[in-house]
Amino acid sequence: MTQPSGLWLVVGAGGMLGRDLTEALRNEGITFETVVSGQMNITEPAEVAQTLRRFRPSVVINTAALTDVDGCESMGERAFAVNAHGPENLARACRETAAFLVHVSTDYVFDGSKKIPYTEEDPPSPLGVYGRSKEEGERLVRKALPDAHCIVRTQWLFGPHGKNFVEAILGRTERTNRLRVVNDQYGAPTYTSDLAVALVTLSHKRATGTFHVTNSGVTSWHGFACRIIELGGVRGVTVEAITSMELARPAPRPSYSVLDNRKFVQCAGYSLRHWEDALQDYLGRRGAGREAWA
Ligand SMILES: NC(=O)c1ccc[n+]([C@@H]2O[C@H](COP(=O)([O-])OP(=O)(O)OC[C@H]3O[C@@H](n4cnc5c(N)ncnc54)[C@H](OP(=O)(O)O)[C@@H]3O)[C@@H](O)[C@H]2O)c1
């Protein structure tokens, strides 16, 4: 394994994935710096260039994004500024300073019309503004930094440091004993701690190109909710299966966006554990108290 020497820079370090990534880097003994939005706005090319000149990182990992999928529908300009031109600014600054860029993207670049897992070669066809802005970010990263980028598409993230589906479901069970959850969208729930380790692996290897990385297994949001309730030890709550049409959210979502991880497995030499095992781990740490993952 080639180990890039020097300092790594985490962009978006205050976010759900960013915070678990800093923990993974600390565990690996990697020298790193972090920047949050108040320190470096990725939509500002001069700020980005100046920050990279200052830190001279060998690896930059970008977890910053505008992730409000529904909100993006009415904030198109901002979504493209952050999710498309932000990564472009980072890629250009990486080119200038000879850094390797790892950029996190999403399954929402696909329309979900496939019935088998999406590979990296499948053509993107996003349904909403968020997906379109993220796809454009991918394109601009590839263009600006063709030989020194790693784009990691992932999905359905949950982790201790951000708003996520697990907390939303458990929170709702405190207020009601009847939940309604969509049963016609399929994917793989992915634990930010596991993804963070995968990002470190790909960075170590300077794996160039696009990679799909999720926890193993497939479920629907309804299946995920049922398992959260079961493993979370919640009693007396029923989970009704509904369709996406019934929920009527502003942004359309792919009905099937399972990502084929074989390219990652071949590169890394391992696959991420099953999402249910990851969920159990998450719930165990949660049960041990917030201080267990501070
Ligand atoms: N969450 C999911 O289910 C999911 C699924 C697939 C892919 N992804 C991708 O995974 C990555 C991490 O997602 P996440 O859930 O960890 O996101 P998150 O918790 O929303 O964190 C995103 C971070 O980006 C920062 N940010 C936003 N605009 C910025 C700007 N202009 N300059 C600098 N920083 C900025 C935010 O900082 P402020 O809060 O200070 O603005 C925030 O800390 C993203 O690329 C996302 O697209 C997420």
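Does LEU202 count as part of a helix (DSSP H, G or I) and either within 14 Å of the ligand (Cβ to nearest atom) or modelled with pLDDT of 95 or more (or both)? Criteria met by LEU202.
Looking only at residues of region 107-133 that are of a type in the set (Ser, Thr, Tyr) and within 19 Å of GLU77 (Cβ to Cβ), we find that the one that is farthest from the ligand (Cβ to nearest atom) is SER133. The residues in region 262-291 that are surrounded by 12 or more Cβ atoms within 10 Å (Cβ to Cβ), farther than 14 Å from THR190 by Cα and at pLDDT 95 or above can be counted, and the count is 6.
Check region 134-143 and report whether any residue there is under 30 Å from VAL239 (Cβ atoms) and either touching a residue at least 40 places away in the same chain (Cβ under 8 Å) or within 12 Å of the ligand (Cβ to nearest atom) (or both). Yes, region 134-143 has at least one match.
Tally time: how many residues in region 14-31 are under 17 Å from ASN164 (Cα atoms) and among the aliphatic types (A, V, I, L, M)? Steps first, answer last, please.
Step one: of region 14-31, the residues under 17 Å from ASN164 (Cα atoms) are 14-21.
From the residues that got through so far, the ones that are among the aliphatic types (A, V, I, L, M) too are 16-17, 21.
So the answer is 3.
When region 17-44 is filtered for residues that are more than 15 Å from the ligand (Cβ to nearest atom), without any contact (Cβ under 8 Å) to a residue 12 or more places away in the chain and among the polar types (S, T, N, Q), only ASN27 remains.
Among the residues of region 156-180, those that are surrounded by fewer than 21 Cβ atoms within 10 Å (Cβ to Cβ) and near the ligand (Cβ under 10 Å from one of its atoms) comprise HIS161, GLY162, LYS163, ASN164, PHE165. If we keep just the residues of region 129-155 that are outside any strand (DSSP E or B) and in contact with a Phe, Trp or Tyr (Cβ under 7 Å, 6 or more places away or on another chain), which is nearest to ARG95 (Cα to Cα)? Among them, the one singled out is ALA148.
LEU145 passes every criterion in (1) within 16 Å of THR208 (Cα to Cα); (2) surrounded by fewer than 18 Cβ atoms within 10 Å (Cβ to Cβ) apart from (2).
In region 45-69, the residue that is nearest to the ligand (Cβ to nearest atom) out of those that are touching a Gly at 6+ places or on another chain (Cβ under 9 Å) and over 20 Å from THR190 (Cα atoms) is VAL48.
Only one of these is of a type in the set (D, E, K, R) and under 14 Å from LEU279 (Cβ atoms): GLU167, GLU174. Name it.
Values: GLU174 fails: under 14 Å from LEU279 (Cβ atoms).
After applying the criteria, what remains is GLU167.
For GLY232, the conditions (1) within 11 Å of VAL152 (Cβ to Cβ); (2) at pLDDT below 95 are fulfilled apart from (1). I'm trying to understand the selection: among the residues of region 241-255, which are surrounded by 12 or more Cβ atoms within 10 Å (Cβ to Cβ) and hydrophobic (A, V, I, L, M, F, W, C)? Within region 241-255, ALA241, ILE242, LEU247, ALA251 meet the criteria.
The values are calculated or read from the model by the stated rules, or taken from the named source; none is laboratory data. Owing to the predicted nature of the structure, the values given are computational and were not obtained by experimental measurement. Here the Cβ is made from the backbone with ideal geometry for all residues, glycine too, and neighbour counts use every protein chain on show.
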